[in-house]
Amino acid sequence: MGTVVGLGEAGCNIAKLFSQYPQYEAFYIDAESKKEDNYLKITKQDNHELYESKTRLRKAFFEKIKGPVIFILSGSGDISGACLRVLEKLKNLDLYVLYIKPDTDLLSETKLKQEKVVFHVLQQYARSGLLKRMFIVSNPVVESVLGDVPVIGYHEKLNNLIVPTMHMINVYSNIKPEMSTFSEPVETARISTFGFADIETGEEKLFYDLKMPREKIFYYAINEEELQSSGGLYKKITTQLKEKSESENVKVSYGIYSTQYEQNYVYCVAHATLVQEENL
């Protein structure tokens, strides 16, 4: 499915989790010393602005990277100042960004300003077509999905929900469903999030509160025996999605996949045109 490139501690930790799946090759960029394959250590700087102006990136490191690429980062770390330099090196590849949004209520004024800058610049990159898509994930929202999360291992718990969810969406996006209504995506809707839904109620648990989505795509992973025996399942799915489309005024499509899992899963992706949190 391509390559993941993590920037900074948060990005590298998530890229590492993707590397457990054979479909991804992981690359890491940070200012700390780490013993990882495909690792680029950059010079540590004192602040966000210096990372932006002084970071130098080895050409040979990027020559190994093949597309498509998921570039992973959080905007609150100083090292995120280097993100546009990294994107410049990757500009000839199909680029997707996975942006991890921290709890901004707890950031210092300086950190809050730099996070806003990175967050909005990357969205503009997506809107302009320089990125294929920008996926936004909010740590506080993922925490609310999980429920009580302990202090020790906090980020690991969140990441262990984020990564498998995105991975399974990637898997189902690349295999043939039993039935689907997929069509070409809305071209201008490149600001996105993902999560899952309850198959009984249709309730969504997206990993970011995406405002004014234009399109939602649902991937139904259903036990094969149930697909063969449940006469009411198709009607339940289509009724839920029709109601969702009408009540939310959003384009809805779906795919139904046969699995050997005992439990059924519904994954969801939402796409918007609107720049998020623009007036905050």
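The values are calculated or read from the model by the stated rules, or taken from the named source; none is laboratory data. Here the structure is a predicted model, which is why all the values come from computation and not from measurement. So basically every Cβ, Gly included, is an ideal-geometry build from the backbone, and we count neighbours across all protein chains shown. Heavy atoms of the whole protein, side chains included, go into the accessibility calculation; ligands, DNA and RNA do not. Shrake-Rupley method; radii C 1.70, N 1.55, O 1.52, S 1.80 Å.
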Checklist outcome for this item: All conditions in (1) open to solvent by less than 60 Å² (accessible area, probe 1.4 Å); (2) in a helix (DSSP H, G or I) are true of Y125 except (1)
Item to check | Residue satisfying condition, being farther than 16 Å from G6 by Cβ, open to solvent by less than 40 Å² (accessible area, probe 1.4 Å) and of a type in the set (S, T, N, Q), within set T110, T165 | outcome: T165
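Results for (1) in contact with a Lys or Arg (Cβ under 9 Å, 6 or more places away or on another chain); (2) closer than 21 Å to V121 by Cα, shown as yes or no for each residue.
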| position | (1), (2) |
| --- | --- |
| G11 | no, yes |
| F18 | no, no |
| Y21 | no, no |
| Y28 | yes, no |
| S33 | yes, no |
| N38 | yes, no |
| L50 | no, yes |
| G67 | no, no |
| F71 | no, yes |
Item to check | Single residue of I191, I199, I217, I162 found to be at pLDDT 95 or above, out of contact with any helix residue (DSSP H, G or I) (no Cβ under 7 Å at 6 or more places or on another chain) and of a type outside the set (D, E, K, R) | outcome: I217
Checklist entry - Going through the stretch 1-14 one residue at a time, which ones are over 17 Å from Y99 (Cβ atoms) and either over 17 Å from the mean Cα position of the chain (by Cα) or open to solvent by 40 Å² or more (accessible area, probe 1.4 Å) (or both)? => result M1
Next on the checklist: Being modelled with pLDDT of 95 or more and charged (D, E, K, R) is the requirement here; does K113 meet it?
Outcome noted: no
Item to check | Hits in the stretch 129-153 (condition: open to solvent by 50 Å² or more (accessible area, probe 1.4 Å) and either out of contact with any Lys or Arg (no Cβ under 9 Å at 6 or more places or on another chain) or part of a loop (DSSP other than H, G, I, E, B) (or both)) | outcome: L130, K132, D148, P150, V151, I152
Checklist entry - Just checking, which of G129, G75, G67, G81 is among the small types (G, A, S) and closer than 19 Å to T193 by Cβ? => result G75
